[in-house]
Amino acid sequence: MAGPLLATVSLPDLATFLVAAAIVIGGALGVVLGRNPVHAALSLVLTLFGVAVLFVEENAQFLAAVQIIVYAGAIVVLFLFVIMLIGVDRQERVLADQFRGQHLVAGGLGLLVLAEVLLLGTGHWTTGARATTGALNRPLSNVAQLGRAIFTTYLLPFEITSALLVVAVVAAVALARRFDRRFGGDAGPTPEGGAHAPDGDEATGR
Amino acid sequence: MTIDGSWYLTLAAMLFTIGAVGVLVRRNVLVMFMCIELMLNAANLTFVTFSRELNDIGGQVAVFFVLVVAAAEVVVGLGIIVAIFRRKVGATADDPHELRG
């Protein structure tokens, strides 16, 4: 598929795609193969940035900005925060089998997944019919089109995601909260409720 | 002319595979979580590619929702991981016997 196509692709497009693809794959390999979790998180930033570049290349400018802000800005910082909280000094021998032949099985399964996704993704039968509504080539900017679609067609799912975010925040608070007996002993099961908690913070109160 | 969509789909397939193998191979729970993010990004790339190929904004809307769900998932997942590590320092995904009551 490369031969006749290369003649029709403009050079800047091709160069951008190749560099971004190299960044994406390199970052992903860094996540999987990195011994130190901090290095893995930084490689994840690399991959997310490469994907954002590809989004720009595909005329999804708003999603590229959101990808940088939400993923690289918020989620990876959260990852790094948790790594620092838990402790960074533990490294892992990545290439040591935990079970006999684990890497063999994982590699085989990975090749199977790759072959299947490639077959499904590059086959012409997956593409279906081109849309007539919500066409991308209307004289509107990407942000305007996306906003119009979200706040008209997809309004109900959008509202449901707000409920999801509230649930996630409440769950995070409930999970991170330390159990304190003085403020109502029957606050329900917490990860370390009860008398056999490993550290004695309950007595002092927070 | 821009790059053909099949190139993007191939790249997304490779990214997804790397993430899946990472989940299977790694023991560190945090790194497994990052590999899940890799797979989500591969799916996002596929969505945007089909959005361009089929001339439909719906794919980009789907990516928008995937981003929201990923943020919520990371919040809850990291909360659970912190709770586990507070209980048992140095826990890995190979400690399922801890689940016995």
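A short reminder: the numbers here are calculations on the coordinates, not readings from a lab. Keep in mind that what you see is a predicted model, and the values were worked out from it rather than measured. Cβ: placed from backbone, ideal geometry, glycine included. Neighbour counts: every protein chain shown.
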key: Residue pairs meeting the criteria (Cβ under 6 Å; at least 6 apart or on separate chains; first in contact (Cβ under 8 Å) with a residue 24 or more places away in the chain, in region B:25-41; second outside any helix (DSSP H, G or I) and of a type in the set (S, T, N, Q))   = B:27/B:92
ask   = How do the pairs read when you match residues in region A:101-117 that are closer than 12 Å to residue B:23 by Cα with residues anywhere that are charged (D, E, K, R), using Cβ under 7 Å and keeping only pairs 6 or more apart or on different chains?
value = A:103/A:97
request  = Only residues that are over 13 Å from the mean Cα position of the chain (by Cα), more than 10 Å from chain B (Cβ to nearest Cβ) and in contact (Cβ under 8 Å) with a residue 24 or more places away in the chain: list them for region A:45-57, please.
outcome  = A:53
key: Every residue from region B:13-30 that is touching a Gly at 6+ places or on another chain (Cβ under 7 Å) and hydrophobic (A, V, I, L, M, F, W, C)   = B:13, B:20, B:21
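Residue-wise test of (1) within 22 Å of residue B:7 (Cβ to Cβ); (2) under 18 Å from the mean Cα position of the chain (by Cα); (3) of a type in the set (Asp, Glu); (4) surrounded by fewer than 17 Cβ atoms within 10 Å (Cβ to Cβ).
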{"position": "A:17", "(1), (2), (3), (4)": "yes, no, no, no"}
{"position": "A:27", "(1), (2), (3), (4)": "yes, yes, no, no"}
{"position": "A:34", "(1), (2), (3), (4)": "no, yes, no, no"}
{"position": "A:43", "(1), (2), (3), (4)": "no, yes, no, no"}
{"position": "A:73", "(1), (2), (3), (4)": "no, yes, no, yes"}
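Table: residues versus (1) facing chain A (nearest Cβ under 7 Å); (2) crowded, with 21+ Cβ neighbours inside 10 Å; (3) among the charged types (D, E, K, R); (4) in a helix (DSSP H, G or I).
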| site | (1), (2), (3), (4) |
| --- | --- |
| B:11 | yes, yes, no, yes |
| B:38 | yes, yes, no, yes |
| B:55 | yes, no, no, no |
| B:71 | yes, no, no, yes |
| B:80 | yes, no, no, yes |
| B:85 | yes, no, no, yes |
query = What tally of residues in region A:53-71 results from selecting those that are assigned to a helix (DSSP H, G or I) and surrounded by fewer than 23 Cβ atoms within 10 Å (Cβ to Cβ)?
reply = 11
